[in-house]
Amino acid sequence: MTDSGQDAIARARALGVLGDAMLGDRLVVRAHHGGGARDALGVLVARTAGAVTIETRRGPVEVAIADVVAAKHVPPPPASRAPRP
């Protein structure tokens, strides 16, 4: 299978994940950004026909659906460690 075929499969899976995700689900979304890609890891807080918004630790990130390369559900972050004595 060619890279473009694998890319198309990954994108189709990503769009399926985003379509099935519920608001409040924790996701990582990879999207084209300039000459590279960027990841948004956090909670899905909004979805429109053209974009999703992920609430990350640094604030909300809006990702255009047309730019999505990959997406998947991720588990909750690990619990905070107790301070060392």
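The values are calculated or read from the model by the stated rules, or taken from the named source; none is laboratory data. Keep in mind the model is a prediction, meaning the values are calculated, not measured. Cβ: placed from backbone, ideal geometry, glycine included. Neighbour counts: every protein chain shown. Please note that ligands, DNA and RNA were not included when accessible areas were found on the heavy atoms of the full protein model with its side chains. Shrake-Rupley method; radii C 1.70, N 1.55, O 1.52, S 1.80 Å.
Couple of notes before you dig in:
- Just the protein heavy atoms count here, and of the accessible area of the chain at 1.4 Å, carbon and sulfur take up 56 percent.
- Loop trypsin sites (Lys or Arg not before Pro), segment 35-85, which have at most 10 other Cβ atoms in a 10 Å radius of their Cβ (DSSP): Arg57, Arg58, Arg81
- Relative contact order %, the chain, counting alpha carbon pairs below 8 Å whose residues are six or more apart: 31
- Net charge of Cβ neighbours under 11 Å - reference Glu62; Lys, Arg +1; Asp, Glu -1: -1
- Each of Val17, Pro83, Gln6 was placed along the dipole of the chain (beta-carbon charges, centred on the mean Cα), and the one lying farthest toward the positive end is Pro83.
- Per residue value of the accessible surface for the chain (all protein chains in place, 1.4 Å probe), Å²: 72
- The calculated P(r) of the chain, using every Cα pair and 5 Å bins from 0, goes 3, 14, 24, 23, 14, 9, 6, 3, 2, 1, 0, 0 in percent.
- Order of exposure, largest accessible area first, which applies to Asp25, Asp7 with probe 1.4 Å: Asp7, Asp25
- The local environment of Ala46, defined by Cβ-Cβ distances under 15 Å, has a net charge of -1 under the rule Lys, Arg +1 and Asp, Glu -1.
- Cα centre as origin, Lys/Arg/Asp/Glu Cβ charges: the chain dipole, Debye: 440
- Probe 1.4 Å - accessible area at Asp20, Å² to nearest ten: 120
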